[in-house]
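Student: Dumping the structure here so I can ask a few things about it.
Read-outs: derived from the displayed coordinates by stated rules, not from any lab. No experiment lies behind these values; they were computed from the predicted model shown. Virtual Cβ from ideal backbone geometry, glycine too; neighbours counted across all protein chains shown.
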Ligand code: CMC
């Protein structure tokens with residue numbers, strides 16, 4: 001192999017140093033800037049976590065209020081963007097729309113020199129955190145055929161998003177505090193996860209000096225895959241397919257069969273080989289949210305039975321496969337009224353904070369262009385043969 005190692009899937013390769021997020025997969029530990037995820041989930045808010053990930057420290061009251069004001073200031077999108085959104089077919093997948101629309105922000109904010117200045121880079125980061133919910137809701141409303149709902153800047157980040165998503169003309173939409181808290185919690189848990197596939201994508205694109213909105217659009221595309229953020233949508237589809245508790249054992253057998261491509265979605269993780277600490281928090285929250293919202297969802301019983309049987313099964317125990325963050329999140333999103341196709345968009349809104357925090361860190365660190373090598377196993381050297389001789 002010469003001077004480089006062969007590591008498909010990057011199972012043993014660190015491509016950067018970072019001060020943002022710490023994971024100990026063996027012990028099930030996740031910390032943002034040193035703070036345990038359990039404490040942040042219980043005591044913090046998504047915007048405060050966003051500040052922490054971006055700036056490295058928890059904000060003072062004044063710093064928080066300035067940050068919230070800045071984010072609120074940037075929630076609007078250029079009206080031309082709504083024209084762009086209206087060009088999509090009504091049944092376009094919202095993740096496809098998000099990748100295109102967020103990428104198009106690069107056409108609105110394109111001054112390359114801006115990115116050489118840290119204040120402008122921070123402005124780009126705040127713009128993206130502010131505009132993601134506006135764009136996500138606009139994509140959903142386009143699908144529904146509803147008129148645009150402009151951001152209500154007297155509301156908090158999550159309230160505003162719920163309002164833009166679900167307010168229907170001629171009906172007064174009251175945002176439920178339980179729904180706001182649940183959304184805030186899910187956003188905190190999804191905000192960053194060190195060098196996962198989408199964040200590595202953002203960093204790889206960022207290493208070329210590309211426009212930050214283009215970097216995040218690339219991250220959105222990477223997140224969409226069912227092995228990554230698309231798993232939350234896939235879990236709900238799988239639960240629907242299983243249909244009934246009595247069918248669970250049959251699907252467990254399928255997941256274990258090497259000749260069957262079926263996998264238990266929401267199970268397994270590249271890094272966590274003990275348990276995913278986010279899954280433990282979400283599982284508990286799921287029970288609470290369903291109770292608070294008065295939702296009795298049979299999919300919850302199905303999910304719990306699936307988890308129970310899998311955790312007792314030798315295959316899953318030996319391979320250290322546990323429920324991950326996506327196993328229960330979809331049941332909460334469903335209870336909040338989000339359609340299944342929007343689940344990965346929710347993940348993208350939250351992960352935008354991680355993407356831009358990692359992009360900022362990379363931009364402030366001397367970085368080489370990301371350029372993996374390969375192990376060539378194609379034909380050896382041979383001579384060209386003219387067309388009439390083949
Ligand atoms: N169901 C059944 N078998 C599984 C599963 C599963 N969900 N996950 C892994 N395995 C088996 C796999 O077949 C392999 O078996 P063998 O050693 O016999 O070949 C072994 O476990 C190791 O799997 P792997 O695919 O080599 O492990 P990985 O680290 O490359 O993949 C993963 C991790 C998350 C992609 C994988 O576990 C998976 O596909 N899970 C389902 C999708 C999912 O829930 N993804 C969300 C991840 S968490 C959210 C995020 O951060 O994106």
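Student: Would you list 17, 134 from fewest to most Cβ contacts within 10 Å? Kindly include the intermediate steps, with their values, before the conclusion.
Tutor: On the way: 17 7, 134 22.
Final ranking by Cβ density, sparse to dense: 17, 134.
Student: When 385, 289 are ordered from fewest to most other Cβ atoms inside 10 Å of their Cβ, what list results?
Tutor: Fewest-to-most ranking of 385, 289: 385, 289.
Student: A further question on this structure: Where does each of 39-48, 353-362 land if you order them by average Cβ count within 10 Å, highest first? Could the numbers behind the result be given before it?
Tutor: On the way: 39-48: 18.1, 353-362: 24.5.
Packing order, densest peptide first, comes out as 353-362, 39-48.
Student: Still on this model: Can you compute the FRET efficiency between residue 178 and residue 17 using 1/(1 + (r/R0)^6), with r the Cβ-Cβ distance and R0 = 45 Å? Round to the nearest 0.05.
Tutor: 0.65
Student: If you don't mind, another one. Between residue 237 and residue 297, how many nm apart are label points set 7 Å from Cα along the C-beta direction?
Tutor: Calculated label separation equals 1.7 nm.
Student: Another question, then. Tell me the relative contact order for the chain as a rounded percent, counting alpha carbon contacts under 8 Å between residues six or more apart. The partial results should precede the final answer.
Tutor: Numbers: 502 pairs, mean separation 94.1, N = 390.
The value is 24 percent.
Student: Continuing with the same structure: Could you work out the percent of alpha carbon pairs in the range 136-227 separated by over 19 Å, rounded to a whole number? Intermediate results must be reported in sequence, preceding the final value.
Tutor: Working: 2361 of 4186 pairs.
Of the Cα pairs, 56 percent sit more than 19 Å apart.
Student: Pop the C-beta distance of residue 63 and residue 381 into the FRET formula with R0 = 56 Å and round what comes out to the nearest 0.05.
Tutor: Values: r = 62 Å, r/R0 = 1.11.
Approximately 0.35, to the nearest 0.05.
Student: Here is a follow-up. Could you check the spin-label model distance between residue 120 and residue 340? Points 7 Å from the Cα along Cα→Cβ, value in nm.
Tutor: In this crude label model, residue 120 to residue 340 measures out at 4.5 nm.
Student: Separate question: Give the separation of the Cα centroids, the range 324-348 to the range 118-196, in Å.
Tutor: 14 Å
Student: For the range 149-272, what relative contact order do you get, as a whole percent, if you take Cα pairs closer than 8 Å and at least 6 residues apart?
Tutor: 13 percent
Student: On to the next question. Take the alpha-carbon centre of the range 240-273, take the same for the range 356-390, and report the distance between them in whole Å.
Tutor: 36 Å
Student: Among 70, 276, 260, which comes first, then next, by fewest other beta-carbon atoms within 10 Å?
Tutor: On the way: 70 15, 276 27, 260 10.
By the 10 Å Cβ count, ascending: 260, 70, 276.
Student: Starting from the Cα of residue 244, move 7 Å in the Cα-to-Cβ direction to define the label point; list residues of the range 287-314 whose amide nitrogen is under 17 Å from there.
Tutor: Answer for the range 287-314: 298-303, 305-306.
Student: Set the Förster radius R0 to 35 Å, insert the Cβ-Cβ distance between residue 373 and residue 319 as r into 1/(1 + (r/R0)^6), and round the FRET efficiency to 0.05. Before the final figure, lay out the partial values.
Tutor: Working: r = 30 Å, r/R0 = 0.85.
Result of the calculation: an efficiency of 0.70.
Student: Which distance in nm do the two modelled labels at residue 5 and residue 153 give, with both placed 7 Å along the Cα-to-Cβ direction?
Tutor: In this crude label model, residue 5 to residue 153 measures out at 5.1 nm.
Student: Also: Rounded to whole Å and sorted largest first, what semi-axes of the equivalent ellipsoid does the C-alpha gyration tensor of the range 94-173 yield via the square root of 5 times each eigenvalue?
Tutor: 28, 15, 8
Student: Return the equivalent ellipsoid semi-axes of the range 272-383 as a descending list in whole Å, where each equals the square root of 5 times an eigenvalue of the C-alpha gyration tensor.
Tutor: Equivalent ellipsoid of the range 272-383: 38, 23, 15 Å, largest first.
Student: Continuing with the same structure: Counting only helical runs of four or more DSSP H residues, what would the 222 nm mean residue ellipticity of the chain come to if each run contributes -39,500 (n - 2.57) and the total is spread over all its residues?
Tutor: Result for the chain, helices only: -17000 deg cm²/dmol.
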